[in-house]
């Protein structure tokens, strides 16, 4: 680890060399000296090679946390291990998260390699669709919500990259152990940066599907009819129905390999992965729930769907059912955010968002906050939108909990990150699957209105599952 560095790309410049690994290790060793036993949390950040981010997830040990976020623009965050893991439960889960993260952020000191801009520490994680949605089976390790302040955090924008180590002085740490971990991670990154295609090929993922168990269409039809009866009774305007496909494999699945294949889900999807002991939750989400940077906020309504094909966009725009379903989501978002914003901007006519196999009605919504409202406060106001729950929101969520045969877990819940300034980005966990042992549970849903056709709604869920199933080797 004492040879020359590897290329590190810089925007608008010729590629530069990262400092040699030995030099980076010396810097970290010097900063750790005398600091490990001090109270407080220390985050050290050094430059790192630009490499396929999935390779770091492959290095997650049994029992360790792993988190992953990547946008279609090439930006990514990968966390391995945890300095602090916040497990949330019950109706006060947002309050728990705000209080505990604020206390930890207040104890944190950030130091960086000379010449680097200090990155903001971040918690990464997610929440179940509703309280109690993740209290059974393999979902139990995820719970009502959990967020991680990673021990190791790799950041890349596709041109430059950094690696941070975050340590709590109250933990029993030794410089030798930390430096050994650092050397191994730098070596993995350098190798992957030099031969990225080979690194991705080495992720594995040779398990093959041997059985697929889909919900029979007649049971789905009964589920839809029950929702239509509830709507006809005047209690609801919309309820989202969800189902899953259970896929059994010849061997255990490699989350990092599947995650790399999810890039095929399309340019509008952001990829997530959450690794817990014995299970992993992977997402390729097309729907931004909330993004807050300073006082600028953005979100979107994504509801109303049809399969791709000639003239399908025209059919979708003319569909009374889909336009009504979409408008319910727009109204929910505008009503929840308007009191907090000086103004909200959105088009009164939806656009078409084209995804793999599907078209959606899409309305971007942007605004300027009146005050420095934390992204978690915005998230709590918005979730669940009618795109995943129903109208009215609270009653529809209760109906789903009482009537859906299989718990949703984190499917259709919010996933993302936030920092000490209250900025953050959260997406809706759609196009997702839960990996556990030799099984993958692939989720999909459809918004049910009074005039919904169960057969067409079932076909819509098939289209929504298709990209995940293809990445799993099912159906192509």
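The values are calculated or read from the model by the stated rules, or taken from the named source; none is laboratory data. Computed from a predicted structure; not experimentally measured. Heads up, the Cβs are rebuilt from the backbone with ideal geometry, glycines too, and the neighbour counts pull from every protein chain shown.
Looking only at residues in the range 290-310 that are out of contact with any strand residue (DSSP E or B) (no Cβ under 8 Å at 6 or more places or on another chain) and at pLDDT below 95, which one is nearest to residue 358 (Cα to Cα)?
Out of the qualifying residues, it is 309.
For the subset of the range 386-423 comprising residues that are within 18 Å of the chain's Cα centre (by Cα) and assigned to a strand (DSSP E or B), which member is surrounded by the fewest Cβ atoms within 10 Å (Cβ to Cβ)?
Ranking the candidates gives 419 first.
Regarding the range 377-385, can at least one residue be identified that is out of contact with any helix residue (DSSP H, G or I) (no Cβ under 8 Å at 6 or more places or on another chain), closer than 15 Å to residue 301 by Cα, in contact (Cβ under 8 Å) with a residue 24 or more places away in the chain and not in a loop (DSSP other than H, G, I, E, B)?
no
Condition check: closer than 27 Å to residue 394 by Cα and not in a helix (DSSP H, G or I). Does residue 322 satisfy that?
No, not satisfied.
Identify all residues within the range 222-240 that are assigned to a helix (DSSP H, G or I) and over 19 Å from residue 443 (Cα atoms); write none if there are none.
225, 226, 228, 229, 230, 231, 232, listed by residue number.
Output the number of residues of the range 433-457 satisfying the condition of being within 25 Å of the chain's Cα centre (by Cα) and surrounded by fewer than 21 Cβ atoms within 10 Å (Cβ to Cβ).
Residues meeting the conditions: 4.
Considering each residue of the range 154-199, count those that are farther than 14 Å from residue 35 by Cα and part of a loop (DSSP other than H, G, I, E, B), and give that number.
5
A quick yes/no check of all residues on (1) in a helix (DSSP H, G or I); (2) surrounded by fewer than 17 Cβ atoms within 10 Å (Cβ to Cβ); (3) touching a strand residue (DSSP E or B) at 6+ places or on another chain (Cβ under 8 Å):
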site	(1), (2), (3)
330	yes, no, yes
334	yes, no, yes
337	yes, no, yes
344	no, yes, yes
349	no, yes, no
352	no, yes, yes
360	no, no, yes
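Hey, does the range 188-204 have a residue that's more than 30 Å from residue 19 (Cβ to Cβ), under 27 Å from the mean Cα position of the chain (by Cα) and modelled with pLDDT of 95 or more?
Quick first cut of the range 188-204, residues more than 30 Å from residue 19 (Cβ to Cβ) only: 204.
Next cut, under 27 Å from the mean Cα position of the chain (by Cα) only: 204.
Next, from what is left, pick out any that are modelled with pLDDT of 95 or more: none.
No, that holds for no residue.
Applying the selection to the range 255-296, what residues are part of a loop (DSSP other than H, G, I, E, B) and farther than 28 Å from residue 330 by Cα?
Matches in the range 255-296: 277, 278.
Please specify each residue of the range 163-180 satisfying the condition of being buried (at least 16 other Cβ atoms within 10 Å of the Cβ) and within 26 Å of residue 52 (Cβ to Cβ).
Let us first name the residues in the range 163-180 that are buried (at least 16 other Cβ atoms within 10 Å of the Cβ), namely 163-168, 173, 175, 178-179.
Hits for the range 163-180 are 163, 164, 165, 166, 178, 179.
Before we move on, is residue 297 under 21 Å from the mean Cα position of the chain (by Cα) and surrounded by 16 or more Cβ atoms within 10 Å (Cβ to Cβ)?
Numbers: under 21 Å from the mean Cα position of the chain (by Cα): yes; surrounded by 16 or more Cβ atoms within 10 Å (Cβ to Cβ): yes.
When the stated conditions are applied, residue 297 passes them.
All but one of (1) surrounded by fewer than 16 Cβ atoms within 10 Å (Cβ to Cβ); (2) in contact (Cβ under 8 Å) with a residue 24 or more places away in the chain; (3) within 26 Å of the chain's Cα centre (by Cα) hold for residue 160, so report the exception by its number.
(1)
Regarding residue 104, is this residue modelled with pLDDT of 95 or more and touching a helix residue (DSSP H, G or I) at 6+ places or on another chain (Cβ under 7 Å)?
no
Hey, any hits in the range 167-177 for a residue that's assigned by TED's automatic domain parsing to the domain that holds residue 94, out of contact with any helix residue (DSSP H, G or I) (no Cβ under 8 Å at 6 or more places or on another chain) and at pLDDT 95 or above?
No; the residues of the range 167-177 include none that is assigned by TED's automatic domain parsing to the domain that holds residue 94, out of contact with any helix residue (DSSP H, G or I) (no Cβ under 8 Å at 6 or more places or on another chain) and at pLDDT 95 or above.
Would you mention how many residues in the range 303-319 are touching a residue at least 12 places away in the same chain (Cβ under 8 Å) and either in a strand (DSSP E or B) or loosely packed, with under 15 Cβ neighbours inside 10 Å (or both)?
Looking only at that region, the number is 6.
Out of the residues in the range 113-130 that are within 14 Å of the chain's Cα centre (by Cα) and in a loop (DSSP other than H, G, I, E, B), state the one that is farthest from residue 23 (Cα to Cα).
129
Output the residues belonging to the range 127-143 that are in contact with a strand residue (DSSP E or B) (Cβ under 8 Å, 6 or more places away or on another chain) and crowded, with 24+ Cβ neighbours inside 10 Å.
127, 128, 142
If the requirement is being under 22 Å from residue 207 (Cβ atoms) and touching a residue at least 40 places away in the same chain (Cβ under 8 Å), which of these qualifies: 444, 420, 401, 395?
444
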